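Remarks on the structure that follows.
The values are calculated or read from the model by the stated rules, or taken from the named source; none is laboratory data. It should be emphasised that the depicted structure is a prediction, and the values quoted were computed from it without experimental measurement. Neighbour counts are summed over all protein chains in view; Cβ atoms, including those assigned to glycine, are modelled from backbone coordinates with ideal geometry.
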Amino acid sequence: MARPRGYCAGVDRAVVAVEKALEQYGAPIYVRKQIVHNTHVVKTLEAKGAIFVEETEEVPEGEIVVFSAHGVSPAVHAEAEQRGLRTIDATCPLVTKVHNEARRFAGQDYDILLIGHEGHEEVEGTSGEAPDHIKLVDGLDAVDRVEVRDPSRLVWLSQTTLSVDETNETVARLKKRFPALIDPPSDDICYATQNRQVAVKEIAEECELVIVVGSDNSSNSKRLVEVAKDYGAAAAYLVDNATFIRDEWLDGVTTVGVTSGASVPEELVAEVLAWLAHRGFGDVTEVEPVQEKMRFALPHELRKDLRVP
Ligand code: 0CH
Ligand code: SF4
């Protein structure tokens, strides 16, 4: 077992924000996009009265809408205001930090090379802060294609949930092409993404199989599968829950590694452990190379209304 794994502070805050909003204001509470990229979390909140929508235009006027942990562009805030919606912004503070960096550098007329995955909600939100200044760099191959206005006034920023190693490679290649490229003031790949990668690296080499619990659309969970393979796991698979594990994956295996993405509730990991124990893999050791203690306060729009904040 790799530790840290599972919920990060930003996911915990976002999920609790929806739960508290349901308790405080009553159902329905609308949520724009999946609050975090986890099927089980979304289904559980739906059962409690949350309604997930793709865009704010689907939310009836005057209702409450929660923005997901991945963040939204200023245009989405403006649309919500225009429609008279009450908003609770569950954007992780570490995503907001990247938005602030983007605004600041764009204000100084830098072009910003944003390393991230095309179409990912976080990238759409961050890009929306300064669409004229931000160019997306999606992977190593995109480095040679990106066009900038002035190569002497360039900074790179990134999505918070990328592979640290792959991003370092992309930055190295960008710097070859643009020697004046400057680094962000602090890491954009967040502490939780980094720590989960450090922990899976520690166990990967000893494992013939690594099971990563997480949903298909979860960037940070998918990166854990890649990192496990890069660091010596013979095989690594992403599973939404224990029912997706196949018996044949255990053929010839003596040691299994288990971890989970930042949007994954621990109960899903417990079910995977039970599945493994049932098949003779009941002797569990936890490896914890980094200790995590981060916590974030709930969104202020909600805190002010809570009787016991
Ligand atoms: O890893 P991604 O960004 O796809 O999102 P997730 O699985 O919901 O994990 C939480 C990260 C939220 C924003 O950084
Ligand atoms: Fe925040 Fe990082 Fe968690 Fe994303 S993965 S919600 S940036 S702490």
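Collect the residues in the range 189-232 that are surrounded by fewer than 24 Cβ atoms within 10 Å (Cβ to Cβ) and either of a type in the set (A, V, I, L, M) or in a strand (DSSP E or B) (or both), keeping them in residue-number order.
Listed by number, the residues that qualify are I189, V198, A204, L209, V225.
Which residue out of K33, K20 is within 16 Å of ligand 1 (Cβ to nearest atom) and in contact (Cβ under 8 Å) with a residue 40 or more places away in the chain?
Working: K20 fails: within 16 Å of ligand 1 (Cβ to nearest atom).
Every option except K33 fails the conditions.
Report the residue count in the range 57-79 for those that are surrounded by fewer than 22 Cβ atoms within 10 Å (Cβ to Cβ) and either more than 19 Å from V15 (Cβ to Cβ) or within 16 Å of ligand 1 (Cβ to nearest atom) (or both). Before you say what the answer is, go through the steps one by one.
First, the residues of the range 57-79 that are surrounded by fewer than 22 Cβ atoms within 10 Å (Cβ to Cβ): 57-58, 60-64, 73-79.
Now narrow it down to the ones that are either more than 19 Å from V15 (Cβ to Cβ) or within 16 Å of ligand 1 (Cβ to nearest atom) (or both): 57-58, 60-63, 73-79.
Residues that pass the stated criteria total 13.
For the range 1-117, which fully contained helices (runs of 4 or more DSSP H) count at least 3 residues that are in contact with a Pro (Cβ under 9 Å, 6 or more places away or on another chain) and closer than 22 Å to E301 by Cα?
On the way: elements: 9-25, 39-47, 74-82, 93-107.
Per the criteria, 9-25.
Looking at the range 245-261 only, could you name the residues that are more than 22 Å from the chain's Cα centre (by Cα) and either of a type in the set (G, A, S) or more than 14 Å from F281 (Cβ to Cβ) (or both)?
R246, E248, G252
Could you list, ordered by first residue, the pairs with Cβ atoms under 8 Å in which the first is in the range 115-137 and within 17 Å of I189 (Cβ to Cβ) and the second is acidic (D, E) and crowded, with 23+ Cβ neighbours inside 10 Å, at least 6 apart or interchain?
Short answer, once both residue conditions are applied: G116/E122.
Check H278 against each of (1) within 16 Å of ligand 2 (Cβ to nearest atom); (2) farther than 23 Å from Y7 by Cβ and name the one condition it does not meet.
Of (1) within 16 Å of ligand 2 (Cβ to nearest atom); (2) farther than 23 Å from Y7 by Cβ, only one is false for H278: (1).
Only residues that are surrounded by 21 or more Cβ atoms within 10 Å (Cβ to Cβ) and either closer than 15 Å to G214 by Cα or of a type in the set (K, R) (or both): list them for the range 14-33, please.
R32, K33
From E266, E271, which residue is within 16 Å of ligand 1 (Cβ to nearest atom), under 16 Å from H40 (Cβ atoms), surrounded by fewer than 20 Cβ atoms within 10 Å (Cβ to Cβ) and at pLDDT 95 or above?
Values: E271 fails: within 16 Å of ligand 1 (Cβ to nearest atom).
Just one listed residue meets the conditions, E266.
Go through the range 29-58 and count every residue that is within 16 Å of ligand 2 (Cβ to nearest atom) and either among the hydroxyl-bearing types (S, T, Y) or over 19 Å from the mean Cα position of the chain (by Cα) (or both).
Number satisfying all stated conditions: 0.
Considering every residue within the range 174-188, establish whether at least one is buried (at least 23 other Cβ atoms within 10 Å of the Cβ) and either out of contact with any strand residue (DSSP E or B) (no Cβ under 8 Å at 6 or more places or on another chain) or at positive phi (or both). Lay out the reasoning, then the answer.
The initial filter retains those residues of the range 174-188 that are buried (at least 23 other Cβ atoms within 10 Å of the Cβ), namely 188.
When the remaining residues are screened for being either out of contact with any strand residue (DSSP E or B) (no Cβ under 8 Å at 6 or more places or on another chain) or at positive phi (or both), the result is none.
No, the range 174-188 contains no residue that is buried (at least 23 other Cβ atoms within 10 Å of the Cβ) and either out of contact with any strand residue (DSSP E or B) (no Cβ under 8 Å at 6 or more places or on another chain) or at positive phi (or both).
Of the residues that sit in the range 252-286 and are part of a loop (DSSP other than H, G, I, E, B) and hydroxyl-bearing (S, T, Y), which one is nearest to G10 (Cα to Cα)? If you could, list the steps in order and put the result at the bottom.
Of all residues in the range 252-286, those part of a loop (DSSP other than H, G, I, E, B) come to 252-255, 261-265, 279-286.
Those left that are additionally hydroxyl-bearing (S, T, Y): 254-255, 263, 285.
On the way: T254: 35, T255: 32, S263: 9, T285: 27 Å.
Filtering first and then ranking leaves S263.
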